[in-house]
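Here is the structure we will look at.
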Amino acid sequence: MTGKSLSLKRYNRLSSATTIPVEVKIEAELKVLDLGEMEKILRNARKLALTGCGCRKDRKNCKTTVSGCIDLDELADKALQGRDDKGSTPEEALEQMKKSHRAGLVHMAYTFRKDPGKVTKICSCCSCFCQTLSGLVRFGTAKHVIPAGSIATDNRDLCTNCGACVKRCQFEARSLEDGKMRYNPDLCYGCGLCISNCRPGAISLEKRQNP
């Protein structure tokens, strides 16, 4: 297939196509962020720009209308071209991301391997119609794509089996079976959504020993 190209159709209502040369590698990595990790990234960024969510704009069928995508540094410079504002402060960006966190969205950072420590974009993703997260969850490939640096741990003595964490988990790591909460840590990626909605304080976030 040398010298040829492969046309991949995007899975959305527009049915638009993207042509990718076969011999070209796109070396990018996804990382799930909790609010603490994200705050550090936002405060260390040179420039921040709040942007709309392309997935929700294209498909218009998400369970939430909250938007929380942020371009950082060079991407922010491009996003702000032709706009009147000069970008967002870390406080403004963090407040928007807290809103998307309360809405139950997962914060995912995009980095490129040529500069693996540099985050270029943070998105607030759902498993219902996000192009990336929905596919990873639906086909069970998240564990092969997302490095899990953190993990939720449960205190069974405090858990009341209310099921609030089950509703919050986008990765389907939690379920209620016969009135008891079941948790599969292999499906946890440390987003922290379950923690912020656990009234008894039965869940905490820790660094994964073998990410």
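Bear in mind that the values in this text are calculations on the coordinates, not laboratory data. Note that this is a predicted model, so its numbers are computed, not measured. Methodologically, a virtual Cβ is constructed for each residue, glycine included, from the backbone with ideal geometry; neighbour enumeration extends over all protein chains shown.
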Item to check | Gyration tensor over alpha-carbon atoms, region 149-211, equivalent ellipsoid semi-axes in Å | outcome: 18, 12, 10
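Sorted from fewest to most neighbouring beta carbons within 10 Å, what does the list Thr120, Thr89 look like?
Details: Thr120 17, Thr89 12.
Taking fewest neighbouring Cβ atoms as first place, the list is Thr89, Thr120.
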Item to check | Projected-area mean, region 25-147, by convex hull of Cα positions, square nanometres | outcome: 8.0 nm²
Item to check | Normalised contact order of region 149-211, rounded percent, pairs of Cα under 8 Å and 6 or more residues apart | outcome: 48 percent
Item to check | Chain lengthening between Glu29 and Ala103 when straightened (0.36 nm per residue, less Cα-Cα) | outcome: 24.2 nm
